[in-house]
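Colleague: My questions will all concern the structure given below.
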Amino acid sequence: MNYKTAIALCTVIYSFVCCDDDYPTQLEFKPLKKSTITVQQVDSTNNSNNEKISTNISNLITNKNVVDKLTQYGKEHKESIVEISTKYGKIRLRLYEETPLHRANFIMLVKKGFFKNTLFYRVIRNFMIQGGNSDRDNVFHKMAKIGSYRVPSEINEKYVHKRGALSMAVQEQYFKDPKRFNKNSSPYNFFIVQKGKISDDYMNRLEEIYSIKIDESKRKIYRKHGGNPHLDGDYTVFGEVISGMNVVDKINTVLTDAQDRPLENIKLDISIIEE
């Protein structure tokens, strides 16, 4: 039995023994580790139909100028609907006006062609799918030509991690020491919540595990739509799926290895949809 066959068999077995949605499993609550935003490499294919990635140092985004740069970009680029294309179908999302820095950052990366041939590289069953990175050549060069920065947190109580929520990964989630924890977002790595409807018993258990309080207004949302309430307050939700959740569900069922990496690459590209 070769490696991939063994991994696939183990994954299938695990999916059958971990199907109860009423109580959390270790897999479902595995944190978004620091490794999820490690700079990997991505394919540098032709971006002739997109904005050019500048090599001018003055145009680079840094933690010092990120607010000014993204604020100005957001004023000049008002788009808020994007579409992710995969071999499983298309996922259309609406980005929130109330998270202007995250909206501007995402639209900028789309227009620069950054996401072309990146991957959904982390998939956790009944939890989420995560994308925006790859192990193809030149991702470091793409990032280097855009800048080294984080997007300041725009956590809004109005937007929670319900099913279909679009949120950004946090680079320091691996560290639970409050002195080291930083809620500012990784600019390149995003995830979509896939978890279905959850019960009050499930939410009660979450409160015990994570020492959190899920108020009734949020419980109503999670009972109706599903999602991952234990992520609220730590990640910025900046959009939501408006069509294509069936595609998210398909991707969420693929076989993965022990690091939650799909056994077969799931390439993606993102485009702007004109309203």
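Colleague: For segment 180-224, which residues satisfy the criterion of being over 23 Å from A169 (Cβ atoms), part of a loop (DSSP other than H, G, I, E, B) and in contact with an Asp or Glu (Cβ under 9 Å, 6 or more places away or on another chain)?
Modeller: Passing the criteria: K197, S199, K213.
Colleague: Residues in segment 148-168: is at least one more than 19 Å from F106 (Cβ to Cβ), buried (at least 17 other Cβ atoms within 10 Å of the Cβ) and modelled with pLDDT under 95?
Modeller: no
Colleague: Right, another one. If I ask for residues that are surrounded by fewer than 18 Cβ atoms within 10 Å (Cβ to Cβ), touching a helix residue (DSSP H, G or I) at 6+ places or on another chain (Cβ under 7 Å) and either more than 22 Å from I270 (Cβ to Cβ) or in contact (Cβ under 8 Å) with a residue 60 or more places away in the chain (or both), which ones from segment 72-84 would you list?
Modeller: E79, S80
Colleague: So if I check each of I266, I198, I273, which one is farther than 26 Å from K69 by Cα, within 20 Å of the chain's Cα centre (by Cα) and either modelled with pLDDT of 95 or more or surrounded by 14 or more Cβ atoms within 10 Å (Cβ to Cβ) (or both)? Quick ask: steps written out before the conclusion?
Modeller: Numbers: I198 fails: within 20 Å of the chain's Cα centre (by Cα); I273 fails: farther than 26 Å from K69 by Cα.
Result: I266 is the single residue among I266, I198, I273 that is farther than 26 Å from K69 by Cα, within 20 Å of the chain's Cα centre (by Cα) and either modelled with pLDDT of 95 or more or surrounded by 14 or more Cβ atoms within 10 Å (Cβ to Cβ) (or both).
Colleague: Can you find a residue in segment 177-193 that is touching a helix residue (DSSP H, G or I) at 6+ places or on another chain (Cβ under 8 Å), more than 21 Å from V139 (Cβ to Cβ) and polar (S, T, N, Q)?
Modeller: No - not one qualifying residue is present in segment 177-193.
Colleague: Another question, if that's okay. If I filter segment 105-127 down to residues being closer than 19 Å to K90 by Cβ and of a type in the set (D, E, K, R), which single residue comes out as surrounded by the most Cβ atoms within 10 Å (Cβ to Cβ)?
Modeller: K116
Colleague: Counting only residues that are in contact (Cβ under 8 Å) with a residue 60 or more places away in the chain and either among the hydrophobic types (A, V, I, L, M, F, W, C) or in a strand (DSSP E or B) (or both), how many does segment 104-138 have?
Modeller: Start the filter on segment 104-138 by keeping residues that are in contact (Cβ under 8 Å) with a residue 60 or more places away in the chain, which leaves 105-107, 109-131, 133-138.
With either among the hydrophobic types (A, V, I, L, M, F, W, C) or in a strand (DSSP E or B) (or both) added as a condition, the list becomes 106-107, 109-110, 114-115, 118-124, 127-131, 133.
Going through segment 104-138 one residue at a time, the tally reaches 19.
The values are calculated or read from the model by the stated rules, or taken from the named source; none is laboratory data. Here the structure is a predicted model, which is why all the values come from computation and not from measurement. Methodologically, a virtual Cβ is constructed for each residue, glycine included, from the backbone with ideal geometry; neighbour enumeration extends over all protein chains shown.
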